[in-house]
Amino acid sequence: MNEPFDLLITNGLVVADGKITRADIGIRGEKIAFVGNPVTRHPSPVTINASGKYIFPGLVDAHVHPIYVDDKYDTSVSAAFGGVTTLIHYAYVKPGQSLVPSLQSFRDDGLQTSVLDFGIHAGLFDVANQIADVPAAFPFGVTSFKVFMTYAKLKWMTDDYWMAALMDVVAQERGLVNVHCENGVVTDYLEDKFNRAGLDSKKMFTAMRPALLEAEATNRAISIAHVMGCAVYIVHNSAAENLEPLRRAKQNGWRVVGETCPQYLTLTDETTQTLAAQAKIGPPLRYAHDNAALWQGLREGILTTIGSDHAPKAKKMDDDFFDAAYGAPQIETMLPMCYYVGVNEGKLGRHEALPLLIAALSETPAKTYGLYPRKGAIQVGSDADLVIFDPAKTWTISNSNQHSKAGFTLYEGRTVTGVVDLTMQRGRVIVEHGALRREKGNAQFLKTDTSHFYAL
């Protein structure tokens, strides 16, 4: 008799490697041991019938901020309910803090509290005083570093000199620089100008942070990165205008990755005007033509990853808009909203829409950060990180069925078809039928590897 599986998933439609195939999946220990036609010759003590449902590789969310009202535990729970099994967190290293000790502390806390496996990006706020320690982050397992080109008043902004210096050092170590692209000095000027004129900051919010200044900063970041020979990851593209510099870089074969987020694919400035402070995020929610352009960018391969930018903060609609913090919960609604709009409503086209979506949510971020095929794949030898997704169930998104502590969702009252039925990591069920099945402390820290960007 053939060696038994610990778990067998039968009759599902497997979405991976750019295609949809009906297959059974056998799991032994933490790994996938079989993918293929029915395997009745291999007995299994546990069988899950996935008939009528999709099986996705667990989502890899490379844009997560577990430092606000959701800590690493809360974030990982919300993620698991949304079909995310791997997180790459931003560990902020503020002025006066040392880089490697901050990363070690962040990792150790995650190992104690997270439900899910995770990697780390280093978010640098004082490059001039932190740059000397950057090479030491690589053997620790952190190979990507974020800077902001905006938020000058908040003293978060890295100027072009130090961004170039960071890119120079990171390129020598074969790493990746993640950049928030908005022209911080000019957006601050516009903010001051509109405030002096007494204009409503909510109504003027998108005008304060215009698309053209996001595209200008994107072009500048890509150009500086190319001169420095550095791979660059442009986070949360929100504007149609951003596609031009990204497209040009792709055509030139430059080392550039473009990311967008579910909120920029599915929401607009109308949401900001309705939900006010709760919908204050940066870059701002823009317009329907931007949504359409970003979906087109995904279809063309100009944008290749989708990350949540989960940054939950406890805000109420009637909070003062100008003083309200940036950010909103996104991780749990990412898959159902992108599936409903991108696939059911046809925004990703009618052919190969679902494999394209899953590639952007799982396979490509895993490849970007050197985690593939351990993560982001349904292959023999891959971690058994799987999502069973019911495409037929219709439900209504509400704060009452979400797991973030933010106290709101930007999709309140939205009815969608398609829901996560089961989430599994390394062969163990985390979420099943709306219930959490796993406790904290089971996470593994994932060292990233971005050296492939520099392969000849």
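Quick note: the coordinates plus some simple rules give every number you see, no bench work behind them. In this text, all values refer to a predicted model and were calculated from it rather than measured experimentally. Don't worry about glycine lacking a Cβ; one is built from the backbone with ideal geometry, like all the others, and counts go over all protein chains shown.
For region 138-208, lysine pairs separated by 8 or more sequence positions, or belonging to different chains, with Cα-Cα distances below 22 Å total 7.
Helix 184-196 and the longest principal axis of the Cα set of the chain meet at an angle near 60°.
Secondary-structure-derived ellipticity at 222 nm for the chain, considering helices only, amounts to -8500 deg cm²/dmol, per-run term -39500 (n - 2.57) for DSSP H runs with n ≥ 4.
Label-to-label distance for SER98 and ALA435 is 4.7 nm, based on points extended 7 Å past Cα in the beta-carbon direction.
Placing +1 on the Cβ of every Lys and Arg and -1 on the Cβ of every Asp and Glu, with nothing else charged, gives region 310-410 a dipole about its Cα centre of roughly 160 debye.
Just going by the charge dipole of the chain, with Lys and Arg at +1 and Asp and Glu at -1 on Cβ, which of GLY258, LEU212, TYR372 is farthest out on the positive end? Ranked along the dipole, the leading option is TYR372.
Helix 99-113 axis versus longest C-alpha principal axis of the chain: approximately 40°, rounded to the nearest ten.
Count Lys and Arg as plus one, Asp and Glu as minus one, and take only other residues whose Cβ is under 11 Å from that of SER308; the net charge is then -4.
The distance from the alpha carbon centre of region 89-150 to that of region 250-304 is 26 Å, rounded to a whole number. Between ASP109 and GLU345, the FRET efficiency from the beta-carbon distance, with R0 = 45 Å, is close to 0.70.
List the pairs from LYS19/LYS440; LYS280/LYS347; LYS94/LYS315; LYS31/LYS72; LYS316/LYS405 whose alpha-carbon separation is above 22 Å, in the order I gave them. Too far apart for the 22 Å limit: LYS19/LYS440; LYS280/LYS347; LYS94/LYS315; LYS31/LYS72. Going from the residue with the fewest nearby Cβ atoms within 10 Å to the one with the most, TRP162, TRP295 rank TRP162, TRP295.
Going by a ≥ b ≥ c, the root eigenvalues of the Cα gyration tensor, does the chain fall in the rounded group (a/c under 1.5), the prolate group (a/b larger than b/c) or the oblate group? It is prolate, given that a/c is not under 1.5 and a/b is the larger ratio. Among rounded, prolate and oblate, which fits region 87-126 when a ≥ b ≥ c are the square roots of the eigenvalues of its C-alpha gyration tensor, a/c under 1.5 means rounded, and a/b larger than b/c means prolate? Taking the square roots of the gyration eigenvalues as a ≥ b ≥ c, region 87-126 is prolate. In loop segments of region 12-107 as defined by DSSP, the trypsin sites (Lys or Arg not before Pro) with at most 12 further C-beta atoms inside 10 Å of their C-beta are ARG41. The gain in end-to-end length when the ALA455 to VAL227 segment is fully stretched comes to 80.3 nm, 0.36 nm per residue minus the alpha carbon separation.
The antiparallel fraction among DSSP beta bridges confined to the chain stands at about 45%.
Computed extension gain for GLU300 through GLU352, at 0.36 nm per residue and net of the alpha carbon distance, reaches 17.5 nm. Rounded, prolate or oblate for region 64-171? Axes are the square roots of the Cα gyration tensor eigenvalues, ordered a ≥ b ≥ c, and the cut-off for rounded is a/c under 1.5. Here region 64-171 falls in the prolate category. If the chain linking ALA392 and ARG247 were pulled fully straight, counting 0.36 nm for each residue of separation and taking away their Cα-Cα distance, it would gain 48.6 nm. Could you list the trypsin sites (Lys or Arg not before Pro) in region 155-217 that lie in coil according to DSSP, counting only those with at most 12 other Cβ atoms within 10 Å of their Cβ? Of the trypsin sites (Lys or Arg not before Pro), the ones in loops of region 155-217 whose Cβ has at most 12 other Cβ atoms within 10 Å are LYS155.
Between 0 and 90 degrees, the angle of helix 72-81 with respect to the longest Cα principal axis of the chain falls at about 60 degrees.
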